[in-house]
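Take a look at the structure below.
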Amino acid sequence: MKQGFNYQQTGSSKAANAMGMREMQALAYEKRLAHYLLLKAPPASGKSRALMFLALDKLHHQHIKKAIIAVPEMSIAGSFADTDLTTHGFFADWRVLPENNLCIGTQSDKSKVQAFIRFMQSADQVLLCTHSTLRFAMEQLAPTAFDRAVIAIDEFHHVSAHENSVLGKQLDRIMQESSAHLIAMTGSYFRGDAMPILTPEDEAKFEQVTYTYYDQLNGYQYLKSLGLGYHFYQGNYFDALPEVLDRNKKTIIHIPNVNSAESTGRKYDEVGRILDYLGELEHTDEYHIHHIRTPDGKLIKVADLVEDDNATRTTTMGYLRQIKQADDLDMIIALGMAKEGFDWQFCEHVLTIGYRASLTEVVQIIGRATRDCEGKQHAQFTNLIAQPDAEDDDVKNAVNNLLKAISLSLLMEQVLAPNITFRPRSGILDHEKLPAGTIIVDDTTRAPSSKVLKILNGGKDELISALLQDNRTMQAVASPELDPAYISDILLPQVIKTRYPDLDDEEAAMVQSGIMQSLVINQNGGVVNEGDLPPDAKTEGERGASSQFIKLNDRFININNLSIDLIREINPFQRAFEVLAKDFTPEVLKTIQAQATASRTSMTEEEARMLWHKIKAFITLHGKEPNQHSSDPLEKRMAEAIAFLRVKKAEQLS
């Protein structure tokens, strides 16, 4: 049974095929004919170059005339610079004319939009711009202007289907009123504000390519593991720097937001104190890079991206984009920059000071350290947080759940919650066989409106997600003194009213009751029919709502039901203590993925064993295990059987 279950650094995720494509890029290229394509892959997997391959194929072979690439901010546009592809076997090189690169220079928004419109009227083929420039240009162009164009949106999680999202509305209009192709790329297909990125109707039109952190890490040549550490301090964070900041590691330091509790409110002073800790300033060069002599005599180079002066920051960013060797830079101090899309392959440690409520932001920051390069075997994410007012065991449990959520996010895992359907009693036929998961709504006093049933059967997941990602819910979860009824009886009705203001009070109460019943069912890990709910269902539901569920992509998982302890050790030190995660080696990630897959899979031991001979034949033929993200139902089922057998084996051993 152990054969085929060994996971080692094979180099496959970085190995190029005959066309110069790495593993993920080849998977994306297989979908090059898709009209709408959603590419979900972690940082450093090569999404930018994958887009080049896709766009060039559309321009040369699919009668597409324009390729428009939009990035969230100018600092990450360098990933789409001119690239030699023909030397490595592709049929064309990637070129962006300087006048069509709207992410360089200091043009005004107005001049960038004029350049965009000029591009659309010219014979030029490729344009690079920011999300905001694309948004402003779309306001001046009819959707039909984008016929025979491909629009590629990098870091697609910035888009939202919310009515206040201008770019989201414009993309919806493009899909409805033009023949444009769309390519959406992201390393984290969820948003911190719980808004859906696409409407369900639009998302259903996209073909998807999913490539996980496990796929990437397992195929690296040099990087072997990823560590996550949560360190807690008392007083101010400068006193804890000796415990978490190694002057010898290539590090990006994110200081806390000026409005957070961890911040002193004086960001330049904080940068100065960090520089003082690092050593003695010898000089600052023409690129505004600080050369500092550390206490052990080493000379290190530190970039300051907290500086607000535009000319200074532009010069420094220009230097960072030109880095070719490890010795060119040692540390970066940043506030809002150097997060998503920022590429410094030599970075091995990201130190984030202050709590980050957005899981999206955490995953993006982790990605800054997970580039594979020679000499880097381990990458580390460290979050330095003010110690919460709670017992150490409570902190440990909370961090363990957070680590589960992050690890599943790194796997781009989609874990299905039980499928629950609400049916009014009067609409059920005599002797009708109801599917599992049906909840009967008693409509003898008042029948639920079509709006209520539509929400419960199609929109409750989004409501639960909005509730769980509300900052007030997070604060309530972290406060053991707060009555859990505050979440179910106060916050949930407010979320319902915010999302659906046209509901009357009785309809809102019906939706609230249905959501609480759903949470009870999910908490119990299965589906139940009417009468199966415990008498104190409301209390149980409140506990489930307050602590147990997290939304990953558009699916939910009860993270408390994952029987994984990701805490390696709690390590007391001077005025603080730290919670260190187990290193996220391929083996650990595979264990987490197996647990998550098994938790959503309905499979018997007999079926899994029957599939085993097919699994062995598949591994022999293809040299790899079946992929749970495959479009082939049999391959997907075999992958689920492997996960099921792994979990069963682990249970027997424990």
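Provide the FRET efficiency to the nearest 0.05 for the Gln322-Lys648 pair, computing r from the beta carbons and using R0 = 56 Å. Efficiency at R0 = 56 Å is approximately 0.60. Mean projected area of the convex hull spanned by the Cα atoms of the stretch 601-652, taken over all viewing directions: 3.6 nm². Estimated from the Cβ-Cβ distance and a Förster radius of 22 angstrom, the FRET efficiency linking Ser631 and Ser602 is about 0.65.
Residues in the stretch 603-610 carry Karplus couplings, in order, of 8, 9, 5, 5, 5, 4, 5, 5 Hz; the curve used is 6.51 cos²θ - 1.76 cosθ + 1.60 with θ = phi - 60°, and Gly or Pro positions show x. Below 8 Å between Cα atoms, with a sequence gap of 6+, how large is the relative contact order for the stretch 601-652 in percent? Result for the stretch 601-652 is 37 percent. Of the chymotrypsin sites (Phe, Trp or Tyr not before Pro) in the stretch 25-118, the ones in a loop by DSSP (not H, G, I, E or B) with at most 14 other beta carbons within 10 Å are Phe91. The modelled label-to-label distance for the pair Ala261/Glu30, using points 7 Å beyond Cα in the direction of Cβ, is 4.8 nm.
Computed from backbone phi, the HN-Hα couplings of the stretch 54-62 come to 5, 5, 5, 5, 5, 5, 8, 10, 10 Hz, rounded to whole numbers (Karplus: 6.51 cos²θ - 1.76 cosθ + 1.60, θ = phi - 60°; Gly and Pro given as x). Checked against a 18 Å cut-off, the cross-linked pairs Lys112/Lys169; Lys47/Lys339; Lys249/Lys301; Lys250/Lys339; Lys249/Lys376; Lys224/Lys649 give Cα-Cα distances beyond that limit for Lys112/Lys169; Lys224/Lys649.
Mean separation of Cα pairs under 8 Å and 6+ residues apart, divided by the residue count of the stretch 21-140: what relative contact order is that in percent?
26 percent
Between Gly229 and Phe381, Thr382, Asn383, Ala581, the built amide H atoms are under 5 Å apart, and every one of these is 5 or more places off in sequence or on another chain. Once the C-beta distance of Leu97 and Arg148 is scaled by a Förster radius of 22 Å, the resulting FRET efficiency is 0.70 to the nearest 0.05.
Annotation: extensible slack from Thr87 through Asp296 equals 70.8 nm (criterion: 0.36 nm per residue apart, minus Cα-Cα distance). For the stretch 234-250, 3J(HN,Hα) computed residue by residue from phi via the Karplus equation (6.51, -1.76, 1.60; θ = phi - 60°) reads 10, x, 10, 6, 4, 5, 8, 4, x, 7, 10, 10, 8, 5, 8, 9, 5 Hz, glycine and proline entered as x. Magnitude of the charge dipole for the stretch 601-652, about its Cα centre and with charges confined to Cβ atoms of Lys, Arg (+1) and Asp, Glu (-1), is about 160 debye. What a 1.4 Å probe finds exposed on the stretch 249-339 is 46% carbon and sulfur by accessible area, rounded to a whole percent. Taking amide H as placed 1.01 Å from N in the peptide plane, the amide H of Ile332 sits under 5 Å from that of Thr251, Ile252, Ile253, Ala303, each at least 5 places away or on another chain.
The values are calculated or read from the model by the stated rules, or taken from the named source; none is laboratory data. Here the structure is a predicted model, which is why all the values come from computation and not from measurement. Glycine also receives a Cβ, built like all others from the backbone with ideal geometry; neighbour counts cover every protein chain displayed. Just the protein is used for accessible areas: all its heavy atoms, side chains included, with ligands, DNA and RNA removed. Shrake-Rupley method; radii C 1.70, N 1.55, O 1.52, S 1.80 Å.
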